[in-house]
1. Rg/Rh for the chain to two decimals, with Rh computed the Kirkwood way over all alpha-carbon pairs.
2. Points 7 angstrom from Cα along the Cβ direction at Ser29 and Gln2: gap in nanometres?
3. Average the reciprocal distances over every distinct pair of alpha-carbons in the stretch 20-83, invert the result, and give the Kirkwood radius in Å.
4. Quick one: with all protein chains in place, what share of the accessible area of the chain is carbon or sulfur, to the nearest percent (1.4 Å probe)?
5. Rounded to the nearest 10 Å², what accessible area does Thr49 have for a 1.4 Å probe in the complete protein model?
6. Just to be sure I understand the model, the point goes 7 Å from the Cα along the line to the Cβ. What's the resulting Ser16 to Asn57 distance in nm?
7. Say each of Ser116 and Arg38 gets a label point 7 Å from the Cα, pointing the same way as Cα to Cβ; how far apart are those two points in nm?
Amino acid sequence: VQLQASGGGLVQPGGSLRLSCAASGNIFSRNAVGWYRRAPGKEREWVATISSAPFTNYANSVKGRFTISRDNAKNTVYLQMSSLKPEDTAVYYCNIRDIYSGLDYWGQGTQVTVSS
């Protein structure tokens, strides 16, 4: 299983970006997928999760601004980010923890920089 994150870039405060996480293999549809981020000098933090149902959960810091969604036909999860703030600057990673094997899979990360 490989996860490929993309869609990061440089955006001004108040702007929007959409991140994508494309998965290979056949475990995607049965699993929840999460987005995490690591800002410079900080610990990795959880951002959002979408279950297989799909149900969604968000960190308080992004609730109301970010939307996570999934397209099982494309094995892809999206993170629509709006009203971006400088404190959203981080490397964003997607993650799957397979419910059958318990194995963790991580994408390579995509850089999001919010700056004027």
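The values are calculated or read from the model by the stated rules, or taken from the named source; none is laboratory data. None of the values given here were measured: they were computed from a predicted structure. All Cβ positions, glycine included, derive from the backbone under ideal geometry; neighbour counts span all protein chains shown. Just so you know, the surface numbers come from the protein's heavy atoms only, side chains and all, with ligands and any DNA or RNA stripped out. Shrake-Rupley method; radii C 1.70, N 1.55, O 1.52, S 1.80 Å.
1. My calculation puts Rg/Rh at 0.96.
2. 2.3 nm
3. Every distinct Cα pair counted, the radius reaches 12.4 Å.
4. Using a 1.4 Å probe with all protein chains present, the chain comes out at 47 percent carbon and sulfur.
5. In the full protein context, Thr49 sits at about 40 Å².
6. Taking the simple label geometry, Ser16 and Asn57 are separated by 2.7 nm.
7. Those two pseudo-labels are separated by 3.1 nm.
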